[in-house]
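Asks: First, the structure itself, so that you have it in front of you.
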Amino acid sequence: MLYVNSNMMVCSIVFVAWALPRETISGLLGRWKATGSTWQRRFAMPAAWVVDRIYFWEPNHCSEVYRMEKDARKALYP
């Protein structure tokens, strides 16, 4: 729990202009990879590749986290 909270805090500080509520760095990279503008996709593709390798036991980690966080926001903020 502490890891997720600190990840959300770092995401909101480092990516203040782009971060959504309840978003982690992995979720932000997955969102940019799926729906971002050209420069966001160019940044997210290699960065998400690195994060996906860190979480090697979770296939397609960033994209899956993006989908889960999107569903959570939909439930929390109707």
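The values are calculated or read from the model by the stated rules, or taken from the named source; none is laboratory data. Everything quoted here is computed from the prediction, not taken from an experiment. Here the Cβ is made from the backbone with ideal geometry for all residues, glycine too, and neighbour counts use every protein chain on show.
Asks: Hey, which of the helices (runs of 4 or more DSSP H) in segment 15-78, taking only ones fully inside, have at least 2 residues that are in contact (Cβ under 8 Å) with a residue 24 or more places away in the chain and within 12 Å of the chain's Cα centre (by Cα)? Give the derivation first.
Replies: Numbers: elements: 25-35, 38-54, 61-76.
Fully inside segment 15-78 and qualifying: 25-35, 61-76.
Asks: Only one of these is out of contact with any Leu (no Cβ under 8 Å at 6 or more places or on another chain), at pLDDT 95 or above and surrounded by fewer than 19 Cβ atoms within 10 Å (Cβ to Cβ): Ala34, Ala75, Ala47. Name it. Let's see the steps before the verdict.
Replies: On the way: Ala75 fails: at pLDDT 95 or above; Ala47 fails: out of contact with any Leu (no Cβ under 8 Å at 6 or more places or on another chain).
Only one candidate passes the filter, namely Ala34.
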